[in-house]
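Asker: I'd like to ask some things about the structure below.
The values are calculated or read from the model by the stated rules, or taken from the named source; none is laboratory data. Every value quoted in this text rests on a predicted model; they were computed, and no experiment measured them. Don't worry about glycine lacking a Cβ; one is built from the backbone with ideal geometry, like all the others, and counts go over all protein chains shown.
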């Protein structure tokens, strides 16, 4: 008779439900019948230790030790972090997204440890500026641009949208907000942010085009200035079911991005006496180093195009993005990791490593890589071959 290991069945069920994963998917990944997974969660039987390791590390992305706790650990979940989103949207969050959500929480914990509880930035935009649901988008945009110290001519002068993303990311990070990236492996969410009084973070979907990533960066920055977490979704149909300040915040975050990246006065000069077509949209996107969607939305709001033209332009932009992604491939592993972690965070971890505060194994934990990858990652980082 097989000996049962003392796994807490309640924790098994909690780990699955915490990432919105149905029993059927767990069974598929474990190559077991659904009834077996249900028996594990009911305490009728238990996985072997080898099976538990696979469940923990490959399926639920949890430490094995968690499953031997007398009760599931208490965590701040997405309902608390994304309070402006309706419950229906929270329930639809994918297992992959919820794993990234937990990774973002872990990065916040890392930042607290590395900085002994104090944000290292001299200026912290999330403390100095506080937006309200009654604010006006143009006024918000002016305040944020003045705080970041980036004028429109500097923005126009950047080489391309890739360079713009790096410049904007550096500006946000230098003012107290760490920006991380990852491959979300889904196109319906472009990014999210988690608010904290000391270490707020932004996570961006690296699979999105650079222009969309810039939009997400500032959409999430606006959320943090409202003192709330948020998610940048590509389908905003859920806004129709929202009410009150939560709806105003979500809508203001979107309007703020358009007002910030494409200032109204300059935009109106560019389109004066101009018939807007896709060629003009492309030229304007190149001028401001933004996505076509930002320009199309601006043109629609100004009634320079109708809904049909807007939808057609979005479709063409999406098709171009898909082709560009297919051409780009996966890229270099270490270069991707540098882009994901960002120069600010990498520099922070490695500087403390050089001071012998941490072992290579501890550094690997902070960088979310295997210990034998640390030296190669360090070498490429020092060579500044970052390639977003």
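Asker: Which numbered condition in (1) without any contact (Cβ under 8 Å) to a residue 24 or more places away in the chain; (2) on the phi > 0 side of the Ramachandran plot is the only one that residue 239 fails?
Answerer: It fails just one condition, (2).
Asker: For region 62-82, which positions are crowded, with 18+ Cβ neighbours inside 10 Å and touching a helix residue (DSSP H, G or I) at 6+ places or on another chain (Cβ under 7 Å)?
Answerer: 62, 67, 78, 82, listed by residue number.
Conditions (1) within 25 Å of residue 353 (Cα to Cα); (2) touching a strand residue (DSSP E or B) at 6+ places or on another chain (Cβ under 9 Å); (3) in the same structural domain as residue 301 (by TED's automatic domain parsing), marked per residue:
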residue	(1), (2), (3)
89	no, yes, no
104	yes, yes, no
110	yes, no, no
130	no, no, no
133	no, no, no
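Asker: Kindly evaluate residue 114 against the criterion of being within 25 Å of residue 347 (Cβ to Cβ) and in contact with a helix residue (DSSP H, G or I) (Cβ under 7 Å, 6 or more places away or on another chain).
Answerer: yes
Asker: Is it the case that region 313-323 has a residue that's assigned to a helix (DSSP H, G or I), within 16 Å of residue 274 (Cβ to Cβ) and over 22 Å from the mean Cα position of the chain (by Cα)?
Answerer: Taking region 313-323 as the starting set, the residues that turn out to be assigned to a helix (DSSP H, G or I) are 313-323.
Then keep just the ones that are within 16 Å of residue 274 (Cβ to Cβ); that gives 313.
If we keep only those that are over 22 Å from the mean Cα position of the chain (by Cα) too, we end up with 313.
Yes: one or more hits.
Asker: Residue 93: in a loop (DSSP other than H, G, I, E, B), outside the structural domain of residue 353 (by TED's automatic domain parsing), in contact with a helix residue (DSSP H, G or I) (Cβ under 8 Å, 6 or more places away or on another chain) and crowded, with 16+ Cβ neighbours inside 10 Å, yes or no? I'd like the intermediate steps shown before the answer.
Answerer: Details: in a loop (DSSP other than H, G, I, E, B): yes; outside the structural domain of residue 353 (by TED's automatic domain parsing): yes; in contact with a helix residue (DSSP H, G or I) (Cβ under 8 Å, 6 or more places away or on another chain): yes; crowded, with 16+ Cβ neighbours inside 10 Å: yes.
The answer is yes for residue 93.
Asker: Can we say residue 58 is more than 30 Å from residue 262 (Cβ to Cβ), surrounded by fewer than 16 Cβ atoms within 10 Å (Cβ to Cβ) and touching a residue at least 24 places away in the same chain (Cβ under 8 Å)?
Answerer: Details: more than 30 Å from residue 262 (Cβ to Cβ): yes; surrounded by fewer than 16 Cβ atoms within 10 Å (Cβ to Cβ): yes; touching a residue at least 24 places away in the same chain (Cβ under 8 Å): yes.
Taking the combined requirement at face value, the residue satisfies it.
Asker: Restricting the search to region 76-87, which residues are out of contact with any strand residue (DSSP E or B) (no Cβ under 7 Å at 6 or more places or on another chain) and either free of Cβ contacts under 8 Å to residues at least 24 places away in the same chain or in a helix (DSSP H, G or I) (or both)?
Answerer: If we filter region 76-87 for residues that are out of contact with any strand residue (DSSP E or B) (no Cβ under 7 Å at 6 or more places or on another chain), which is where we start, we get 76-80, 83, 86-87.
Answer for region 76-87, where residues must be out of contact with any strand residue (DSSP E or B) (no Cβ under 7 Å at 6 or more places or on another chain) and either free of Cβ contacts under 8 Å to residues at least 24 places away in the same chain or in a helix (DSSP H, G or I) (or both): 78, 79, 80, 87.
Asker: Determine if region 24-34 includes at least one residue that is over 34 Å from the mean Cα position of the chain (by Cα) and at pLDDT 90 or above. Explain how you work it out, then say what you get.
Answerer: So the first thing to find is which residues in region 24-34 are over 34 Å from the mean Cα position of the chain (by Cα), and the list is 33.
Subset that is at pLDDT 90 or above: 33.
There is at least one residue in region 24-34 that is over 34 Å from the mean Cα position of the chain (by Cα) and at pLDDT 90 or above.
Asker: Continuing with this model, one more query. Would you mind stating whether residue 295 is touching a residue at least 40 places away in the same chain (Cβ under 8 Å), assigned to a helix (DSSP H, G or I) and either surrounded by 15 or more Cβ atoms within 10 Å (Cβ to Cβ) or assigned by TED's automatic domain parsing to the domain that holds residue 165 (or both)?
Answerer: Numbers: touching a residue at least 40 places away in the same chain (Cβ under 8 Å): no; assigned to a helix (DSSP H, G or I): yes; either surrounded by 15 or more Cβ atoms within 10 Å (Cβ to Cβ) or assigned by TED's automatic domain parsing to the domain that holds residue 165 (or both): yes.
When the stated conditions are applied, residue 295 does not pass them.
Asker: Within region 36-45, is even one residue within 22 Å of the chain's Cα centre (by Cα), more than 28 Å from residue 186 (Cα to Cα) and assigned to a helix (DSSP H, G or I)? Before you say what the answer is, go through the steps one by one.
Answerer: Let us first name the residues in region 36-45 that are within 22 Å of the chain's Cα centre (by Cα), namely none.
No, every residue in region 36-45 fails to be within 22 Å of the chain's Cα centre (by Cα), more than 28 Å from residue 186 (Cα to Cα) and assigned to a helix (DSSP H, G or I).
Asker: Does at least one position in region 28-38 carry a residue that is free of Cβ contacts under 8 Å to residues at least 40 places away in the same chain and under 23 Å from residue 182 (Cα atoms)? Please lay out each step first, then the result.
Answerer: Of all residues in region 28-38, those free of Cβ contacts under 8 Å to residues at least 40 places away in the same chain come to 28-38.
Next, from what is left, pick out any that are under 23 Å from residue 182 (Cα atoms): 29.
Yes, because at least one residue in region 28-38 is free of Cβ contacts under 8 Å to residues at least 40 places away in the same chain and under 23 Å from residue 182 (Cα atoms).
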